[in-house]
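J.: First the structure, then my questions, so here it is.
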Amino acid sequence: MKAILTAAAFVTLLVGATTAQSYKTLEILGSEALPEAEAVTGVRHPRPPVYVLLEDGRPLVSEAGYLQLAGEGPGFYYGAGAGARAGSSRASRRLGSNNWGAIEAMGLTGRIVERWRARHPDIRLGIDEISSRLGGFPDYDGDGISDHLTHQAGMNVNFLLPCRRQPEVLIHVGTGRHEELFDPGLFADLVAILVAERAYHLTTNAALGLLDDPDLRAAFAAEDREDDGYARSYRHANGHTRLYLLTPRGDHGDHVNALLWKGH
Amino acid sequence: MRSRRFASLGSLLLLLVACGPKEPQPEEQAQRARPMERALGALALHSDPAPAFVFIDGVFVGETAAEASLVVTRPAGEVDLRIAAPGRGDGIYRVEVPAGEKLTLKATLTLDQSRWDRPTRPVPIGPGQDLRGAVLVGSSGPLPVTYEETVAGPVERIVCLVLGNPELVVRDPDGEALPLEAMPEGVQGATGHRFLRVRLDRPGTHRLVVGGPGGGYVLRWMNGLPPLSGSDDPSLAKRRLAPESLAPK
């Protein structure tokens, strides 16, 4: 009891002086003797995170403050490192791993995976390129100009096209690769989850027919922007999410690129 | 009981150190201090109503779901606790963790954006440790927000504006605004980000002020650009700029 009161006084004193208004209170719910079983230094997470943890439960953090997506976990797998996908992307070949993300983006990825698992417990979600260990400016083709424009800040995450009939197969619409396995309804479901988690930007190929889904068609309105022959942009009714549908054949035909930033 | 036992053991070790024939080296001191450090406490953290990211002594330790607690077992004593939720300001606390006990805390996070307080003091910032790396910061709260870096001598820094379109001013130790030089068009076109170069010539604390009407922003404070293997001729810039990399206006 004494410990509780001591801690309470300490927290109350300091919290009152240092917190922002949005965190008015740090309420003490209680204090109890630590069971012997917990007497190890470490972190116990309320749910398994999607990022790599050290042995003691602390997250692995890069020098740039990024977290590394785990190779696999409940409801997901790292697509660029899996089976036929291994080394298939320029980014992963060049960098070894391109699965590091900013803390907020990785936290949102975890919540997206959780929602996906709840709806499709038998289909793991393929997560592909994110960023390199330090983020930055990869130049994959060696022409001196950085490539992979959106994967520099650890905030853009590629989600592969999910497949019910042959899980974890690489489908690439526009290139002929397993196109017959593409499941438009499942893909629309994934995009609906990304919108529900308030993804900021979504980019995929127009040939995937995302707006053929009646719910998505009703929610996204075309924006009045100059048509550059490359992409059409749409704004979601939530006022936050913007969708870009690319027209070149095969461009983003195997995934949706989600900028995971809640922003405002 | 256990903590008392560890404390006694620690006292004994300290006594032995005090009676020892030579000045202990730092490594030896650290080894001898370990038994004391095993006087453990734990923090159990809830956030209400939103999930939050938790930082202890400046290091990210994990997320707490709103309905479940993140348990951090650590040496007892004082910790700096930071709780952050996407799109909101940070809550910064100092908490005393009792030895041998689990202290359960609940941080109440309001969802009311308008009540976000901007930091009243400048936020320390430093450049990335690698040319490709950089410090990534951002906020969606009211502006201005001030960042500061103390330098010993002339250095160059680059501000890369990843998202948002705020007003940016860098001031030297005397408060004079320094010129921000826009990077070549090719660099900007290749990335979709705005790059601004600034020279910090005077030793002392320089301040980057992010101002304007408000809205979210994400920027990087960098110590350089990666060496270009080819030319920085703008004509080599990737002509096709992926639209999702455009900054929101």
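J.: Once you sort the root eigenvalues of the Cα gyration tensor of region A:201-244 as a ≥ b ≥ c, which label holds: rounded (a/c under 1.5), prolate (a/b larger than b/c) or oblate (the other case)? Write out the running numbers ahead of the final one.
T.: Values: a/c = 1.74, a/b = 1.16, b/c = 1.49.
Oblate, because a/c is 1.5 or more while a/b does not exceed b/c.
J.: Let me ask something additional. Amide H neighbours of B:Val97 under 5 Å, at least 5 residues apart or on other chains, H built in the peptide plane: list them.
T.: Answer set, sorted by chain and number: B:Gly77, B:Glu78, B:Val79.
J.: May I pose another question? If amide hydrogens are placed 1.01 Å from N in the peptide plane, which non-local residues have theirs closer than 5 Å to the one on A:Cys163?
T.: Residues meeting the criterion, in which the H sits 1.01 Å from N, are A:Glu168.
J.: If you take the square roots of the eigenvalues of the alpha-carbon gyration tensor of region A:143-264 and sort them as a ≥ b ≥ c, do you get rounded (a/c under 1.5), prolate (a/b over b/c) or oblate?
T.: rounded
J.: Could you pull out which residues in region B:141-166 have an amide N less than 14 Å from a spot 7 Å beyond the Cα of A:Arg225, following the Cα-Cβ vector?
T.: B:164
J.: Determine, for B:Val59, B:Val162, B:Val209, the number of other Cβ atoms within 10 Å of each Cβ, and report the residues in order from fewest to most.
T.: Details: B:Val59 12, B:Val162 23, B:Val209 19.
Ranking B:Val59, B:Val162, B:Val209 by Cβ neighbours within 10 Å, fewest first, gives B:Val59, B:Val209, B:Val162.
J.: Need one number: nm distance between label points at B:Thr150 and A:Asp122, each 7 Å from Cα along Cα→Cβ, rounded to one decimal.
T.: Those two pseudo-labels are separated by 6.2 nm.
J.: Return A:Trp116, A:Trp100 ranked ascending by Cβ neighbour count within 10 Å, so the fewest neighbours appear first. Before the final figure, lay out the partial values.
T.: Details: A:Trp116 21, A:Trp100 27.
Lowest count first: A:Trp116, A:Trp100.
J.: Moving on to the next point. Using a 10 Å cut-off on Cβ to Cβ distances, tally the other chain neighbours for every residue of B:69-76 and report the average as a whole number. Please list the in-between numbers first.
T.: On the way: counts 4, 6, 8, 7, 10, 3, 1, 1.
Per residue, the average neighbour count from other chains is 5.
J.: Quick check: net charge around A:Arg124, other residues with Cβ under 11 Å of its Cβ, Lys/Arg +1 and Asp/Glu -1?
T.: Details: positive: A:Arg117; negative: A:Glu72, A:Asp122, A:Glu168.
Neighbourhood net charge equals -2.
J.: Right, another one. In what sequence do A:Thr247, A:Thr109, B:Thr146 fall when counting other Cβ within 10 Å, fewest first? Numbers along the way, then the final one.
T.: Values: A:Thr247 14, A:Thr109 25, B:Thr146 19.
Ascending number of Cβ neighbours within 10 Å: A:Thr247, B:Thr146, A:Thr109.
J.: Which shape class applies to region A:225-264: rounded if a/c is under 1.5, otherwise prolate when a/b exceeds b/c and oblate if not, where a ≥ b ≥ c are the square roots of the Cα gyration tensor eigenvalues? List each step's numbers first, then the result.
T.: On the way: a/c = 2.95, a/b = 1.44, b/c = 2.05.
Judged from the Cα gyration tensor, region A:225-264 comes out oblate (a/c at least 1.5, b/c at or above a/b).
J.: Related question: Considering only the other residues whose Cβ falls under 13 Å of the Cβ of B:Ile125, what net charge follows from Lys and Arg at +1 and Asp and Glu at -1? Numbers along the way, then the final one.
T.: On the way: positive: B:Arg121, B:Arg157, B:Arg207, B:Arg220; negative: B:Glu148, B:Glu149.
So the surrounding residues net to +2.
Here, each number is a calculation from the coordinates, and none is a lab measurement. Quick caveat, the model's predicted, so the values are computed rather than measured. Methodologically, a virtual Cβ is constructed for each residue, glycine included, from the backbone with ideal geometry; neighbour enumeration extends over all protein chains shown.
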